[in-house]
Amino acid sequence: MSFIEKNVDLLKKANIYFDGRVTSRNYTDSDGVIKSLGIMLQGEYTFNTKAAEKMEIISGKVEVLLSGMESNWETYEAGDIFEVPANSSFEIKVEDITDYCCTYL
């Protein structure tokens, strides 16, 4: 899977989380939408959201538990998308090194 973004504004400084096990770089696309491209190494992580997010799994495999979903873990692989509400959180178990694109809604 590949895509080409033209005329983007890239923030060079990396976002580094969980002692470097999750990293990303933010950019603003030509429509003014803020996105981040990143990599997650194997492990379990909890993220809090301010804005709503759309997470696209580019490669890899994860299990996700959205806040308030009790024990309803969902599996996502390359090409899958899941959304997280604003002012929420989600737990993620990264089974395989995962490449992702996050769009802030």
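FYI, it's all coordinate maths here, none of it is from the lab. Values in this document were obtained by computation on a predicted structure and should not be read as measured data.
Between 37, 65, 11, where does the largest GNM mean-square fluctuation fall for the chain, given springs only between Cα atoms within less than 10 Å?
Most flexible of the set in this elastic network: 11.
Hey, what's the Cα Rg ratio for the chain versus the globular rule of thumb, 2.2 N^0.38 Å? Let's see the in-between values first.
Details: Rg = 13.4 Å, N = 105, 2.2 N^0.38 = 12.9 Å.
The value comes to 1.04.
Which of the lysines could a cross-linker span from residue 12 if the Cα-Cα distance has to be under 18 Å and same-chain partners fewer than 8 positions apart are dropped?
35
Which one of 39, 16, 57 has the biggest mean-square fluctuation once the chain is modelled by GNM with Cα springs under 10 Å?
16
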